[in-house]
Amino acid sequence: MSDENYQSLDEETLFLVSQTFKALADPTRIRILHLLFNQEMSVSNIAQQLDLNQSNVSHQLRFLKNLRLVKYRRDGKTIYYSQDDEHVMKILQQSIDHATHH
């Protein structure tokens, strides 16, 4: 890219990008996102599958929801979570592919 085509990033974009990478920098959040890659799950199912306590899972899901990386739907008293950003999921998958490439 030549200098004449360069456009600096505004502060809001910089902040959102850094928050996305912050989300992906946490092993628990990576495990949750990976689990939700192709399926919807409740907090208790996520906790059970990943051998975590529900409080920790809820805390991490709140962080991911605030960044719009996961979404939820309510069915009675149960809340189900699923991934909400294919861009970030592609980054996650590419990072996993990179890490497991020999």
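The values are calculated or read from the model by the stated rules, or taken from the named source; none is laboratory data. Note that the coordinates shown come from a computational prediction; the quantities given were computed from them, not determined experimentally. Here Cβ is always computed from backbone atoms with ideal geometry, including for glycine, and neighbour counts include all displayed protein chains.
Applying the criterion of being more than 11 Å from the chain's Cα centre (by Cα) and hydrophobic (A, V, I, L, M, F, W, C) to the residues of region 82-102, the residue that is surrounded by the most Cβ atoms within 10 Å (Cβ to Cβ) is 96. Looking at the structure I just gave you, is residue 67 at pLDDT 95 or above and crowded, with 16+ Cβ neighbours inside 10 Å? No. One residue stands out among those in region 70-81 that are more than 12 Å from the chain's Cα centre (by Cα), on the phi < 0 side of the Ramachandran plot and not basic (Lys, Arg): the one that is surrounded by the fewest Cβ atoms within 10 Å (Cβ to Cβ), which is 75.
State yes or no: is residue 13 at pLDDT below 95, among the β-branched types (Val, Ile, Thr) and loosely packed, with under 11 Cβ neighbours inside 10 Å? So residue 13 passes the test.
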